[in-house]
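Let me begin by presenting the structure, written as structure tokens, before commenting on it.
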Amino acid sequence: MVCFRAADAEYCLPVEATRSVRTAEGMISLPDPNADVAGMIPGDPPLTVISPLHGDRGHILIVQAAEKTFGLLVDMVTGLRSVDDSNIGPAPE
């Protein structure tokens, strides 16, 4: 699991869903974004960056899920760990 921190809470994602980690440098804020959209990273195609966990502008996890690739804004990536299934709770709402 790729472990990270956002808004003073700890989270993790499967390594298989995480494509890369990058700084938030170069992220462009949008003028009137939808809720939880932090901005975009220019490119071909551009990458939408979301912040449903209310992370600051520290790092972006590039995630691929359900045939979509997007950025997840987090405070910091804390490492890679094996996590026992009994320690995994439901996703935040």
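The values are calculated or read from the model by the stated rules, or taken from the named source; none is laboratory data. None of these values were measured; they are calculated from a predicted model. Reconstructed Cβ throughout: ideal geometry from the backbone, glycine too, with neighbour counts over all protein chains shown. Accessible surface areas use protein heavy atoms only, side chains included; no ligands, DNA or RNA. Shrake-Rupley method; radii C 1.70, N 1.55, O 1.52, S 1.80 Å.
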The number of residues in segment 25-46 that are open to solvent by less than 50 Å² (accessible area, probe 1.4 Å), closer than 28 Å to ILE88 by Cα and either free of Cβ contacts under 8 Å to residues at least 24 places away in the same chain or not small (Gly, Ala, Ser) (or both) is 1
Filtering segment 11-24 down to residues that are aliphatic (A, V, I, L, M) and open to solvent by 60 Å² or more (accessible area, probe 1.4 Å) yields VAL15, VAL21
Every listed condition ((1) open to solvent by less than 80 Å² (accessible area, probe 1.4 Å); (2) in contact with a Ser or Thr (Cβ under 8 Å, 6 or more places away or on another chain); (3) free of Cβ contacts under 8 Å to residues at least 60 places away in the same chain) holds for CYS3 save (3)
Of the residues in segment 55-89 that are acidic (Asp, Glu) and in a loop (DSSP other than H, G, I, E, B), the one that is farthest from ALA35 (Cα to Cα) is ASP84
Those residues of segment 58-79 which are on the phi > 0 side of the Ramachandran plot and open to solvent by less than 20 Å² (accessible area, probe 1.4 Å) amount to none
Of (1) open to solvent by 70 Å² or more (accessible area, probe 1.4 Å); (2) touching a helix residue (DSSP H, G or I) at 6+ places or on another chain (Cβ under 6 Å), ASP8 fails just (2)
(Q) Condition first: in a loop (DSSP other than H, G, I, E, B) and without any contact (Cβ under 8 Å) to a residue 40 or more places away in the chain. Can you find one or more residues in segment 15-24 that meet it? (A) no
Log entry, pairs with first residue in segment 64-93 being touching a residue at least 40 places away in the same chain (Cβ under 8 Å), second being acidic (Asp, Glu) and in a strand (DSSP E or B), beta carbons closer than 8 Å, six or more apart or on different chains, reads THR78/GLU10
Requested in this report: Could you tell me whether any residue of segment 23-34 is within 15 Å of GLY79 (Cα to Cα), touching a Leu at 6+ places or on another chain (Cβ under 9 Å) and not polar (S, T, N, Q)?
Outcome: no
